[in-house]
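The values are calculated or read from the model by the stated rules, or taken from the named source; none is laboratory data. Worth saying up front: this structure is predicted, and the values here are computed from it rather than measured. Methodologically, a virtual Cβ is constructed for each residue, glycine included, from the backbone with ideal geometry; neighbour enumeration extends over all protein chains shown.
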Amino acid sequence: MDYFAHDTAIIDDGCQIGEGTKIWHFSHIMPDCVIGEKCNIGQNVVISPKVVLGKNVKVQNNVSIYSGVVCEDDVFLGPSMVFTNVTNPRSAVIRRDEYSSTRVKKGASIGANATIVCGHDIGKYAFIGAGAVVTKTIPDYAVFVGNPARQMGWMSEQGYRLEFDSSGSASCSGNGEKYLLENGIVQKLIS
């Protein structure tokens, strides 16, 4: 094995797990999951069948990642956050053929106890605050908080708030990288 799995972790058949990944106590990785290199899967995590995690994904304790979810590289999933995969669940109605997909793009962070309602993608380097309930697609670099989640600003790839001037320009206070806001879309400028 090129990865670490605690003795209490359960890893079902057909999973691909990348080199350097760590899977901790009482976690269950269900069939046909793909987990990239250098991921960290905390305690009591459930990863349902066919979930895909990119490289360096950090999954904190007590997280449920249901079928239909794809997390790209460098995603952070805070403690006890959860994804859904059906918008109208009923105990007596089987809806496995109706799962909706959710993509969490590169570098996005989702805070503790947040809920991501299925079918709504999270943009790259977006930041979802603790306890937020996401009910719509989130743009790249956006900061969303509350229930239902509402946009409160923008954030750099380094995790610093972006303050745009009247021309739509902003600099990251962490590393000085430049960003441009045009028509509600933020992009990092390449220097």
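Which numbered condition in (1) touching a strand residue (DSSP E or B) at 6+ places or on another chain (Cβ under 8 Å); (2) hydroxyl-bearing (Ser, Thr, Tyr); (3) surrounded by fewer than 18 Cβ atoms within 10 Å (Cβ to Cβ) is the only one that Tyr179 fails?
(3)
Given the conditions (1) of a type outside the set (Ser, Thr, Tyr); (2) surrounded by 14 or more Cβ atoms within 10 Å (Cβ to Cβ); (3) under 17 Å from Gly107 (Cβ atoms), and given that Met152 satisfies all but one, which numbered condition is not satisfied?
For Met152, the exception is condition (3).
Of Gly18, Gly36, Gly42, Gly14, which residue is surrounded by fewer than 17 Cβ atoms within 10 Å (Cβ to Cβ), assigned by TED's automatic domain parsing to the domain that holds Asp73 and not hydrophobic (A, V, I, L, M, F, W, C)? Outline the logic, then answer.
Values: Gly18 fails: surrounded by fewer than 17 Cβ atoms within 10 Å (Cβ to Cβ); Gly36 fails: surrounded by fewer than 17 Cβ atoms within 10 Å (Cβ to Cβ); Gly42 fails: surrounded by fewer than 17 Cβ atoms within 10 Å (Cβ to Cβ).
Every option except Gly14 fails the conditions.
Between Gly129, Gly111, Gly168, which is outside the structural domain of Val46 (by TED's automatic domain parsing) and touching a strand residue (DSSP E or B) at 6+ places or on another chain (Cβ under 7 Å)? Break it down into steps so the answer makes sense when it comes.
On the way: Gly129 fails: outside the structural domain of Val46 (by TED's automatic domain parsing); Gly111 fails: outside the structural domain of Val46 (by TED's automatic domain parsing).
Gly168 is the lone residue from the list that is outside the structural domain of Val46 (by TED's automatic domain parsing) and touching a strand residue (DSSP E or B) at 6+ places or on another chain (Cβ under 7 Å).
Exactly one of (1) closer than 27 Å to Gln43 by Cα; (2) in contact with a Lys or Arg (Cβ under 7 Å, 6 or more places away or on another chain) is unmet by Asn85. Its number?
Just one mismatch for Asn85, condition (2).
State which residue is modelled with the lowest pLDDT when the search covers only segment 1-11 and only residues that are surrounded by fewer than 16 Cβ atoms within 10 Å (Cβ to Cβ) and part of a loop (DSSP other than H, G, I, E, B). Give the derivation first.
Looking only at segment 1-11, we keep the residues that are surrounded by fewer than 16 Cβ atoms within 10 Å (Cβ to Cβ), and these are 1-2, 4, 6-8, 10.
Among the residues that remain, those that are also part of a loop (DSSP other than H, G, I, E, B) are: 1-2, 6-8.
On the way: Met1: 79, Asp2: 96, His6: 98, Asp7: 98, Thr8: 98.
The extreme case among them is Met1.
Only strands (runs of 3 or more DSSP E) wholly contained in segment 98-191 count here; list those with 2 or more residues that are of a type outside the set (Ser, Thr, Tyr) and touching a residue at least 40 places away in the same chain (Cβ under 8 Å). Break it down into steps so the answer makes sense when it comes.
Numbers: elements: 102-104, 142-145, 150-155, 169-171, 178-182, 185-188.
Ranges flagged: 185-188.
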